[in-house]
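Student: First, the structure itself, so that you have it in front of you.
Coordinate-derived values only; no laboratory data. No experiment lies behind these values; they were computed from the predicted model shown. For neighbour counting, all protein chains shown are included, and Cβ atoms are generated from backbone atoms with ideal geometry for every residue, glycine included.
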Amino acid sequence: MVKIEVHKFSAWFGANRVLRDMEMEIFKHEILSIIGPSNSGKTTFLRTLNRLNDLNPYFRMDGMVELERQDVRSIDVEALRRRVGMVFALPLPLPLSIFENVAYGVRMHGEKDKKKIASKVEESLKQGYLWEEVKDRLDESAFKLSGGQQQRLCIARTLAVEPEVILFDEPCSGLDPISTAKVEDAMVQLKEKYTIVLVTNNVKQAARVGDRTAFFLGGELIELDKTDKIFTAPHDKRTDGYIRGKFG
Amino acid sequence: MRKIKEFMIENLIFICGMASIFFVVLIFLFLLKEGLALFNIESPLKFLFGKSWYPISEPPQLGIFPLILGSLLVTAGAAIISIPIGVGCAIYIAEIAPVKTKEVLKAGVELLAAIPSVVLGFIGMVTLVPFVKTVFHLPTGLTALSGSIMLAFMAMPTIVTIAEDALYSVPKTYKEGALALGATHWQTIWRVMLPAASSGILAAVMLGIGRVIGETMAVMMITGNAAVIPHSILVPVRTLTATIAAEMGEAVVGSEHYFALFAIGIVLFIISFAINVTADLFLHKRQ
C-alpha cells in the first residue's frame, strides 16, 4: 500500500534548484533509507514531507507530494506535522523534565486527563526503548540524559502524538555505536506500526535497517530499490561508486 | 628596545583597565562618607520610614518614605505599562514580523532609545499632562501616572532590544522540534520560545526597570514633585532622583539636608545595584 507518493516534484531555495523531477512511492510499514552525499537534497526532501521547509521564506516547490492521496499542501499544516513526525540529527530535548518532554505533544493536542497523559508517556517511552532506563527519574531534566538517551527521548516524544509516518534525519550522526544500535533497534520495531523514512550519511546503517534504499545525487533520485539489491547489484554505476566509498 | 615598548604598552593598558574601577570605588567612598554622616544626627529607621520630608524647616524633618513610595509607584506603573508592550514587541520582531517590517521596527526602537530624556519630559509636559488632567478630571495632570507613562517609553527600548536578543538566541532547533510535533506558531512561542528565553527576558525587564528607577529629568518635569505619601496613582509624587536633582543646588554644604541628599544617593545606589545584580544573575543563568 502506498503511503506517500511523489510525482514530478522539484524544489528551490531562491533561484537554486535543490531537487529535480522526483518520482517516488513510499509504502506503509516500510523503512525507506535515503543515502547520498552532502548537498544531494536528502534533508530538503525529508522536510518537504512535513512542510518544515515552509519556515524558509525562499523555499518553493513544484509537482505533487501526496500523503494518502492528499496533497500535503492542502492539509492543515499542524495536522500534517502531527501525522508526519520527525526526529532530528541532533537530539533536541526541550528545556523540561523527561516526563514533560514526552507529555508536551500530548498536552498540546488537547489531552487534559492526567492519567491518560501519564499512560501515554509510559507507552511512548517503552516504544522508544527508554522506559527501563528513565522510569525512576522522570522528573529530572532531560539534559541529564546521555546523547543516545536524549535521541530516544525525542523518538518517544514524536511517538506520543501518534503519527503515521516518522521521518528520521540522520538520527545517529552524533551517537556512539552502542547508542546507534539501540536507536536502530527501535526503528526496526517501529515499522510494525509506522512508516519510516530515514535519511542517513551512514551507508551501513541503510544496509542494516532499510527495507528499500534510495540514492540521491545532486538533487536527483538516481536509484530506488530493495536494499539488498542496491547493495549487491545496483543498476547505476554512481550508486555503486557511492556505496563503495569512491566519492561523497 | 622591543621589550621596553611591550612593557610600557602592557602597563598602559593595565592602568586604563584599573582606572574605571578606581573611579567607581572613589565615587562610592565619597557617597558613603557624605551620606553616612547623616546617621550621626538621624537614625536610619527614622530616615527610611519617616513620613515627612521638610529638609529646611527648623528642626529639619528628613523622612524619605514618601520619596521611596513615589519612586516605587512611578516605577511600578512604568513596569506594568512597558513590560507587556515591550515583550510583545520583542516577540513580534523576533518571531512574527516579515523581514522588512522587522527592520523598520528595530530602527524605530533604536530611535526611541535615542530621544534625550529631557525631550521626552517636555513632550510629556505639553501633551500627556493636559491629557491626563482632562481624562481623569484632575486639578493637575502632573501625576504619578503621567510619569509612569513617560518612563514606560524610556524602558521600552531596553526591554525590546534585550528580550528580542534573548528570543533570537533560542536555538532554531527548539522551534523546529516543537513545530515538527504539530504545534502551532503561537503554541511554539508560548510553550517553547518564551520559557527557553525566560532568563534573558527577565534580565531585559530588570534592566528596563533599572533605567526607570534611575531616571531623573523627565520625572522631575511631569510628576508634580509633591513630597507626600501618595494614595493613588493620580496624585503628584516626588521620586528619590528628582529630590536630589531639585535640592542639591540649594542645600548648604555640610548641613543635615546636604548629608540627607547623599544618603538618598546611597539608597538609590543600593536599589540600582540590586536590580543590576539580579539582571546579571538571569543573564548568566542563560549562558
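Student: Among B:PHE273, A:PHE215, rank each residue by its count of other Cβ atoms within 10 Å, from fewest to most, as a rough exposure measure.
Tutor: Numbers: B:PHE273 12, A:PHE215 29.
With the sparsest Cβ surroundings first, the list reads B:PHE273, A:PHE215.
Student: Another question, then. Would you please give the FRET efficiency between B:TYR54 and B:SER20, computed as 1/(1 + (r/R0)^6) with r the Cβ-Cβ distance and R0 = 35 Å, to the nearest 0.05? Don't skip to the answer; put the middle values down first.
Tutor: Numbers: r = 39 Å, r/R0 = 1.11.
Result of the calculation: an efficiency of 0.35.
Student: Among the aspartates and glutamates, select those whose C-alpha is under 13 Å from the C-alpha of A:LYS120, and discard any that sit fewer than 8 residues away in the same chain.
Tutor: A:GLU100, A:GLU111, A:GLU162
Student: Give the Rg/Rh ratio for the protein assembly as shown, taking Rg as the radius of gyration of the Cα atoms and Rh as the Kirkwood radius, to two decimals. Numbers along the way, then the final one.
Tutor: Numbers: Rg = 32.0 Å, Rh = 28.0 Å.
On the Cα set of the protein assembly as shown, Rg over Rh gives 1.14.
Student: Please give the calculated 222 nm ellipticity per residue for chain A, where each DSSP H segment of at least 4 residues contributes -39500 (n - 2.57) and the sum is spread over every residue; nearest 500 deg cm²/dmol?
Tutor: Result for chain A, helices only: -10500 deg cm²/dmol.
Student: So for the range B:44-286, what percent of the C-alpha to C-alpha distances run longer than 32 Å?
Tutor: Working: 9050 of 29403 pairs.
Roughly 31 percent, once rounded to a whole number.
Student: Under 8 Å for C-alpha pairs, at least 6 residues apart: give me the relative contact order for the range B:44-286, rounded to a whole percent. Write out the running numbers ahead of the final one.
Tutor: Working: 361 pairs, mean separation 65.3, N = 243.
Dividing the mean separation by the residue count of the range B:44-286 yields 27 percent.
Student: Could I ask something else about it? In which sequence would A:GLU68, B:GLU256 go, from the one with the fewest C-beta neighbours within 10 Å to the one with the most?
Tutor: Details: A:GLU68 14, B:GLU256 20.
Fewest to most other Cβ atoms nearby, the residues stand as A:GLU68, B:GLU256.
Student: GNM, chain B, Cα, under 10 Å: largest mean-square fluctuation among B:THR127, B:THR173, B:THR161?
Tutor: B:THR173
Student: I'd like the distance separating the alpha-carbon centroids of the range A:128-153 and the range B:67-109, in whole Å.
Tutor: Distance between centres, Cα-based: 39 Å.
Student: Follow-up. Per the helix-only calculation at 222 nm, which mean residue ellipticity applies to chain B, given -39500 (n - 2.57) for every DSSP H run of n ≥ 4 and division by its residues, nearest 500 deg cm²/dmol? Please report the intermediate quantities before stating the final value.
Tutor: Values: 13 runs with 202 residues, N = 287.
After summing the helix terms and dividing by residue count, I get -23000 deg cm²/dmol.
Student: A further question follows. By a straight-distance test (C-alpha under 16 Å), which aspartates and glutamates pair with B:LYS285 as possible cross-link partners, with residues fewer than eight away in the same chain excluded?
Tutor: Answer for B:LYS285, where 16 Å is the Cα cut-off: B:ASP165, listed by chain and number.
Student: Of B:MET206, B:MET18, B:MET156, which has the largest mean-square fluctuation in a 10 Å C-alpha GNM of chain B?
Tutor: Greatest mean-square fluctuation among the candidates belongs to B:MET18.
Student: Here's something else I'd like to know. Whole angstrom only: what separates the Cα centroid of the range A:65-112 from the Cα centroid of the range B:1-31?
Tutor: With the range A:65-112 and the range B:1-31 each reduced to a Cα centre, they are spaced 57 Å.
Student: Return the average number of partner chain Cβ atoms within 10 angstrom of each residue Cβ along peptide A:104-110. Before the final figure, lay out the partial values.
Tutor: Values: counts 7, 6, 1, 2, 9, 4, 0.
That average works out to 4.
Student: Moving on to the next point. Could you work out which residue, out of B:LYS33, B:LYS100, B:LYS175, moves most in a Gaussian network model of chain B, that is, has the largest mean-square fluctuation with Cα springs under 10 Å?
Tutor: Top of the fluctuation ranking is B:LYS100.
Student: On average, how many beta carbons from a partner chain sit within 10 Å of the beta carbon of a residue in A:90-96?
Tutor: Values: counts 3, 2, 9, 2, 8, 6, 4.
Mean partner-chain Cβ count within 10 Å for A:90-96: 5.
Student: Another question about this same structure. Residue by residue, what Karplus-based ³J(HN,Hα) values in Hz, rounded to whole numbers, does the range A:168-183 have, using 6.51, -1.76 and 1.60 with θ = phi - 60° and x for Gly and Pro?
Tutor: 10, 9, 6, x, 10, 5, x, 10, 6, x, 5, 5, 4, 4, 5, 5
Student: Just to confirm my numbers, what's the Cα centroid distance between the range B:237-280 and the range B:200-228 in Å?
Tutor: If we compute the Cα centre of each part, the gap is 13 Å.
Student: Further, regarding this structure: Return the subset of A:LYS226/B:LYS172; A:LYS8/A:LYS237; A:LYS42/A:LYS191; A:LYS126/A:LYS204 for which the Cα-Cα distance in this structure is over 32 Å, preserving the input order.
Tutor: Details: A:LYS226/B:LYS172 36 Å; A:LYS8/A:LYS237 24 Å; A:LYS42/A:LYS191 20 Å; A:LYS126/A:LYS204 26 Å.
In this structure, A:LYS226/B:LYS172 lie more than 32 Å apart at Cα.
Student: Same structure, new question: Under a 5 Å amide H to amide H cut-off, with H placed in plane at 1.01 Å, what residues pair with A:PHE216 once short-range neighbours are removed?
Tutor: Amide H to amide H, under 5 Å and 5 or more residues apart or across chains, A:PHE216 pairs with A:ILE35, A:GLY36, A:ILE222.
Student: May I ask you to sort B:TRP190, A:TRP131, B:TRP53 by Cβ crowding, counting other Cβ atoms within 10 Å and putting the fewest first? Don't skip to the answer; put the middle values down first.
Tutor: Working: B:TRP190 13, A:TRP131 17, B:TRP53 22.
Ascending number of Cβ neighbours within 10 Å: B:TRP190, A:TRP131, B:TRP53.
Student: Restricting the calculation to Cα positions, tell me the Rg (one decimal) and the Dmax (whole number) of chain A in Å.
Tutor: 18.0, 56
Student: Filter the chymotrypsin sites (Phe, Trp or Tyr not before Pro) in the range A:1-79 to those in DSSP coil with at most 14 other Cβ atoms within 10 Å of their Cβ, and list the result. Could you put the intermediate results ahead of the total?
Tutor: Numbers: sites: A:PHE9, A:TRP12, A:PHE13, A:PHE27, A:PHE45, A:TYR58, A:PHE59; in loops: A:TYR58.
Hits after loop and neighbour filter: A:TYR58.
Student: Follow-up question, since we're still on this one. Suppose a student asked you for the relative contact order of chain A, using Cα pairs under 8 Å spaced at least 6 residues apart; what percent would you report?
Tutor: Details: 475 pairs, mean separation 69.3, N = 248.
Rounded, it is 28 percent for chain A.
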